[in-house]
Structure formats: structure tokens, C-alpha cells
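Undergrad: Sharing a structure below in C-alpha cells format, with a few things to ask.
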Amino acid sequence: MTPASGPDAPFSTRIVAAILSVSMLAFGAVVTLSAWSPEIRDRNMAGAHPYSTSAIGYAGLVRLLERRGTPVTVSRSARALSERDETLKILTLSPHGMSDALNELETGEPALIVLPKWDGRADRARPSWFADTRLLSPGQVEGALRHFDSDGDIWRVRAPARIATPFGAHQPVLGDNMQVIRADSLVSVISTPAGDLLAQLPGENVYVLSDPDLVNTFGLAEIGNARMALGLIDWLRTYPQAPVSLDATLHGFSRSENLLQMVFDIPFVGATLVALASFLMIGWAGAVRFGAPEREGRAIALGKEALTDNTAGLVSMAQRETRLAPGYLALTRRLTARAIGAPRTLSETELSQLFDRMSEAGASETPYTQLAAELSGPAPGRESLMNRTRRLWRWRKEITHGHQ
């Protein structure tokens, strides 16, 4: 086809080319942004997640571990959350929108689960901050606790001045609203007179921290809390240099592992660019005619090859391919006997015995009678027929190789 030009053409060639170029660029931008939309989402939003720099967020814990030299990452992979390895996984729970995720949660070991305690209203001027915060009711926190213990209760009490732990005595500053767990099915690890500050799931290397003020940004402003938080993390790690990972998938920051994103990422971006260039060249070749047009051929071709193709097509349409096995076996037997110069007076049994002796002599690893038994009747299917006839064809080539 030739681009429209001249006084009667509604658009000039340059305008059409510009429209097509802009359309293709816009389409490519939409596809790329669709693939990478989770990556460009604003992470620093107020909330109880590892990216949040708000008071109840955990970005402060990440920075504290980094400054201390602890290998720490924020995980956005749901698969990494369920893996059982040496990484200490810290799951910070939120009071909203986590029921479905917690119902399907598979936590790898070791893991520390931090219960929620606070809620707030984000500041419109600064979305990364809270305009105000409030304590959640014990019932709201128990809703999250019930995913790990069906009969656990939440209590708010005055914090003691000193708390004994497996990693030494500490003096955290948790105020008059220290949040503790009372549950018979959980194993107490750090206990106070009013309840457990840290409990363990029975038979698992998974722990539940009742009060998030020990590790969130607001609580880490107190040096006593920071010391106890670091001691707790070191005690939970399987060895001194074990990595720590704070999960962000429960808060909606899961990294999407889709094919569309992979084709625009290393190492597949090179192949993607080559494919796009090929498509452009194919489109250009289809839009611009070059060379003499080919002549139309006959609707029904002549010759032996066309007759053979038509016959094969009729057999395929009639679904009779599987019944051709005995005929192919007889044809192969005749061709092989002619190629090796076998006497015509030999019976079918004698000819089969001759073929077997030639196979045993080293011409072929598979005896003829075994192959013939597979093709003595109709094959169970087209694929089976092809496999069997291919094996017989290779046998004939091996037998007749020295007689060609």
C-alpha cells in the first residue's frame, strides 16, 4: 500500500507518521507504568509499617539496626516471608485491612510478630505524619491476637520499673498503658506481674510481642526501650550476624512478580528491545510495498507431491492414521529385504528371524520382532503411532546403512 498524498488526501504523510509515533510512545508508556506502578507508589505514608517515619511506624527501627551494623532489609516478597531460613522476620501488624492476609499467613521461622496498639488520622498537609493518635481498644487488638491464639486476652497495665528477660534485666519506658497478653496456650518468655510482654507459639520459633512501643519510632526515643529492643532482636537471631527482615507485604507493599515487569527489567530488557525493533521492521515492511507482486498459484496443485499431500489430508480428516501401522510395517519389511538382498523365497517368519540376527550382530540395538509387535495392530493414538514408526524407521536406517 502507498501512503495517501496529493490534493485529495485528507492527511499528509508526515501527519500520519507523527500520529502513529505519538500513539506508539503513549502505548509503551502506559504499559511500562502499569508494570511498575507498585514500585513508584509512595511508601512514606503514615502507618504501622517499616517504611513509615511516623510515631507508630518502624522506619526508626530499620535505621537503628543499620547504624548498629546489623544486616537489615525491608521485604516486599510474600514468598520470602514464608521461607524457613536464618533470617529473623519481623511482622508489624496494623488494626485495619489485615484479616484476609493473616488468615492465609504462612510465617517462616524465626519470626517476631508485633501486635498493634495505636491508630491515628493522617495529616493532610504531611501524609507521612499523623495529625493525632489514639489507643486501640483491647478488643481491636485481640482481633489480631486471635489469629495466633484463639483464647488470648489483651490487658493495659502500668509498666514495672524493671523487667527480667532471658537476655538480662532492662528498664523500658512503657508508661501507664503497657500492653500485655494473657493466654494459656502461649508459652511465656518475658513475663510481668500483669501478663506477658513476649510469648512464644508452642512448638514453633515464632514469638508475639504485645507492646509495639518497645520497637516503634515513638518508643525508640527512650534509650531504655532501644536497649531492650536490640537485646530482644539479638536474642531471637539464630547467630550473631544473622540478617533481619521487616515485612511490608502485609501493608500492601508487595512486589508484583509479573511477566510484564520482567520484560522491562534486567536481564530481559535487551531481548525486549530487540523484539520491539523487530516488530517495527515487520510493520514497516507490511506498510510499504517493495518488489514485484507474486503471481497467484493454482488452487489445486499438480504432481506427485500434491497427490501425496491430498491423500494424507483425507486420511487425517477421516481420523484413520492409527490404522496405518500394519501397512507401514509391511512396507518397511519389503524395503529392508530389498535393500539387504534377502531371498524372495523367505517366509515372513524366516525374514523376521533374519532381521533379528542382523540386529544382534550389532547393526541395531533393538530387535526387529519387538518393533514389529508394536505395529502389528492399530496404534492407540497419533502420538504413539509417530513414536513407534519413528523407532522402526531408525531401525531400518541402521540395518540398511551398510547396504546403501
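The values are calculated or read from the model by the stated rules, or taken from the named source; none is laboratory data. If you're wondering where the values come from, they're calculated on a predicted model, not measured in any experiment. Methodologically, a virtual Cβ is constructed for each residue, glycine included, from the backbone with ideal geometry; neighbour enumeration extends over all protein chains shown.
Undergrad: Condition first: in the same structural domain as Leu65 (by TED's automatic domain parsing), hydroxyl-bearing (Ser, Thr, Tyr) and farther than 15 Å from Val114 by Cα. Can you find one or more residues in the stretch 212-233 that meet it? Lay out the reasoning, then the answer.
TA: Taking the stretch 212-233 first, the residues in the same structural domain as Leu65 (by TED's automatic domain parsing) are 212-233.
After this cut, where a residue has to be hydroxyl-bearing (Ser, Thr, Tyr) as well, the list is 217.
Still in the list and also farther than 15 Å from Val114 by Cα: none.
No: zero hits.
Undergrad: If Pro193 meets every condition in (1) within 29 Å of Glu66 (Cβ to Cβ); (2) surrounded by fewer than 22 Cβ atoms within 10 Å (Cβ to Cβ); (3) not charged (D, E, K, R) apart from one, which number is that one?
TA: (1)
Undergrad: So, one more: Would you point out the residue of the stretch 137-177, among those that are charged (D, E, K, R) and under 17 Å from Val114 (Cβ atoms), that is farthest from the chain's Cα centre (by Cα)?
TA: Narrowing the stretch 137-177 to residues charged (D, E, K, R): 142, 146, 149, 151, 153, 156, 158, 162, 176.
If we keep only those that are under 17 Å from Val114 (Cβ atoms) too, we end up with 142, 146, 149, 156.
Details: Glu142: 33, Arg146: 30, Asp149: 31, Arg156: 42 Å.
Out of the qualifying residues, it is Arg156.
Undergrad: Whether any residue in the stretch 207-225 is exposed (fewer than 15 other Cβ atoms within 10 Å of the Cβ), under 39 Å from the mean Cα position of the chain (by Cα) and farther than 22 Å from Ser94 by Cα is what I want to check.
TA: Checked the stretch 207-225: no residue is exposed (fewer than 15 other Cβ atoms within 10 Å of the Cβ), under 39 Å from the mean Cα position of the chain (by Cα) and farther than 22 Å from Ser94 by Cα.
Undergrad: If Gly203 passes every condition in (1) crowded, with 16+ Cβ neighbours inside 10 Å; (2) outside any strand (DSSP E or B) but one, which one does it miss?
TA: (1)
Undergrad: All but one of (1) modelled with pLDDT of 75 or more; (2) within 30 Å of His49 (Cβ to Cβ); (3) among the aliphatic types (A, V, I, L, M); (4) not in a loop (DSSP other than H, G, I, E, B) hold for Ile282; state the number of the condition that does not hold.
TA: Status for Ile282: all satisfied but (2).
Undergrad: Filter the stretch 347-375 down to the residues that are under 30 Å from Gln319 (Cβ atoms) and within 48 Å of the chain's Cα centre (by Cα), then identify the one that is modelled with the lowest pLDDT.
TA: Thr366
Undergrad: Looking at Ser94 and the list (1) of a type in the set (Gly, Ala, Ser); (2) modelled with pLDDT of 90 or more; (3) buried (at least 17 other Cβ atoms within 10 Å of the Cβ), which single condition is not satisfied?
TA: The one condition Ser94 does not meet is (2).
Undergrad: Residue by residue through the stretch 222-249, note down the ones that are in contact (Cβ under 8 Å) with a residue 40 or more places away in the chain and among the hydrophobic types (A, V, I, L, M, F, W, C).
TA: Once the filter is applied, which keeps residues that are in contact (Cβ under 8 Å) with a residue 40 or more places away in the chain and among the hydrophobic types (A, V, I, L, M, F, W, C), the stretch 222-249 yields Ala226, Met228, Ala229, Leu230, Leu232, Ile233, Trp235, Leu236, Ala242, Val244, Leu246, Ala248.
Rundown of residues vs (1) assigned to a helix (DSSP H, G or I); (2) in contact with a Phe, Trp or Tyr (Cβ under 8 Å, 6 or more places away or on another chain), yes/no style:
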| residue | (1), (2) |
| --- | --- |
| Met45 | no, yes |
| Val62 | yes, no |
| Leu102 | yes, no |
| Arg126 | no, no |
| Ala131 | no, no |
| Gln140 | yes, no |
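Undergrad: Would you call Arg357 without any contact (Cβ under 8 Å) to a residue 12 or more places away in the chain and in a loop (DSSP other than H, G, I, E, B)?
TA: no
Undergrad: Can you work out which of the residues in the stretch 42-89 that are without any contact (Cβ under 8 Å) to a residue 40 or more places away in the chain and of a type in the set (Gly, Ala, Ser) is surrounded by the most Cβ atoms within 10 Å (Cβ to Cβ)?
TA: Ser82
Undergrad: Scan the stretch 307-340 for residues that are surrounded by 11 or more Cβ atoms within 10 Å (Cβ to Cβ) and not in a helix (DSSP H, G or I) and jot them down.
TA: Arg320
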